[in-house]
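Everything on this sheet refers to the single structure shown next.
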Amino acid sequence: MPAAARPANPSPESSMHELILLRHAEAVPIETAGDDRQRPLSARGEQEAQAAGLWLANHGLRPDRVLCSPARRAGETTRLALAAIDGAPVPQMADEIYDASPGELLALLDQQAGAGTVLLVGHNPGIERLVALLVEGRSDEFRGMPPGALAVLHLGGTLEPGNARLDAFWSP
């Protein structure tokens, strides 16, 4: 849906109609960083995150709310991607995104009433399985999301398995 057709400020009663899932961009190997949560983006990952933000901006996609994993690589991906989007909201860190199952991510998204478009930045396998669950109705049918990949889902009402349409998929 073009940006102009979207409500600028959805009312609190409105429900999410668009979900953008972004897998964090490429990070340095765990052997380099030591702690998985503290792994920074690689130089390539920084380029991937910037490219994801440009893709969103060029397609008129502007989230009303941004949820981000507390992992360093997710935070860096979020910061670099949002830099390309005018008027992007301040990201909210959500501890439950790190190592989350599709069900845990759905529970978090269920709490986002009032946001017409939500951007969630997280990790595999949770992100790719959430795409499969929302589009196919089964989380074991996932096709994979490489680092820095985006899936744009249109929700046809309630946030339930099989109730979304994959509008766009992009990867660097």
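Observations on the structure shown:
- Check on R39, more than 26 Å from G156 (Cα to Cα) and out of contact with any helix residue (DSSP H, G or I) (no Cβ under 8 Å at 6 or more places or on another chain): no
- Looking across the range 52-74, the residues that are closer than 15 Å to P147 by Cβ and surrounded by fewer than 21 Cβ atoms within 10 Å (Cβ to Cβ) come down to W55, R72.
- The residues listed here are R165, R143; of these, the one that is under 21 Å from A52 (Cα atoms) and without any contact (Cβ under 8 Å) to a residue 24 or more places away in the chain is R143.
- Boolean, A113 is buried (at least 18 other Cβ atoms within 10 Å of the Cβ), more than 11 Å from the chain's Cα centre (by Cα) and assigned to a loop (DSSP other than H, G, I, E, B): no
Yes/no per residue for (1) part of a strand (DSSP E or B); (2) under 13 Å from the mean Cα position of the chain (by Cα); (3) closer than 20 Å to L155 by Cα:
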{"position": "A51", "(1), (2), (3)": "no, no, no"}
{"position": "A57", "(1), (2), (3)": "no, no, no"}
{"position": "G103", "(1), (2), (3)": "no, no, yes"}
{"position": "L109", "(1), (2), (3)": "no, yes, yes"}
{"position": "V118", "(1), (2), (3)": "yes, yes, yes"}
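- Whenever a residue of the range 57-85 is at positive phi, its partners that are surrounded by fewer than 18 Cβ atoms within 10 Å (Cβ to Cβ) and outside any strand (DSSP E or B), lying with C-beta atoms within less than 9 angstrom and at least six residues away or across chains, give the pairs G60/M1; G60/P2; G60/A3; G60/A4; G60/R6.
- Those residues of the range 132-143 which are surrounded by 14 or more Cβ atoms within 10 Å (Cβ to Cβ) and either not in a helix (DSSP H, G or I) or not charged (D, E, K, R) (or both), in sequence order: A132, L133, L134, V135, S139, F142
- Remark: pairs (first residue in the range 28-53, in contact (Cβ under 8 Å) with a residue 60 or more places away in the chain; second residue part of a helix (DSSP H, G or I) and of a type in the set (S, T, Y); Cβ separation under 9 Å; 6+ apart in sequence or on different chains) = G45/T77; E48/T77; A49/T77; A49/T78; A52/T77.
- Scanning the range 41-73 for residues that are within 16 Å of S171 (Cα to Cα) and small (G, A, S) yields G45, A49, A51, A52, G53, A57.
- Considering the conditions (1) touching a helix residue (DSSP H, G or I) at 6+ places or on another chain (Cβ under 6 Å); (2) of a type in the set (S, T, Y); (3) surrounded by fewer than 21 Cβ atoms within 10 Å (Cβ to Cβ), T77 is excluded by exactly one of them, (3).
- Those residues of the range 122-136 which are modelled with pLDDT under 95 and either in contact with an Asp or Glu (Cβ under 9 Å, 6 or more places away or on another chain) or among the charged types (D, E, K, R) (or both), in sequence order: G126, E128, R129, A132, L133, L134, V135, E136
- Residues (more than 26 Å from Q112 (Cα to Cα) and surrounded by fewer than 21 Cβ atoms within 10 Å (Cβ to Cβ)) located in the range 38-51: Q38, P40, S42, A43, R44, E46, Q47, A51
Yes/no matrix, rows are residues, columns are (1) assigned to a loop (DSSP other than H, G, I, E, B); (2) modelled with pLDDT under 95; (3) out of contact with any Asp or Glu (no Cβ under 6 Å at 6 or more places or on another chain):
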position: S14; (1), (2), (3): yes, yes, yes
position: E31; (1), (2), (3): no, yes, yes
position: A81; (1), (2), (3): no, no, yes
position: A84; (1), (2), (3): yes, no, yes
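The values are calculated or read from the model by the stated rules, or taken from the named source; none is laboratory data. Every value quoted in this text rests on a predicted model; they were computed, and no experiment measured them. Don't worry about glycine lacking a Cβ; one is built from the backbone with ideal geometry, like all the others, and counts go over all protein chains shown.
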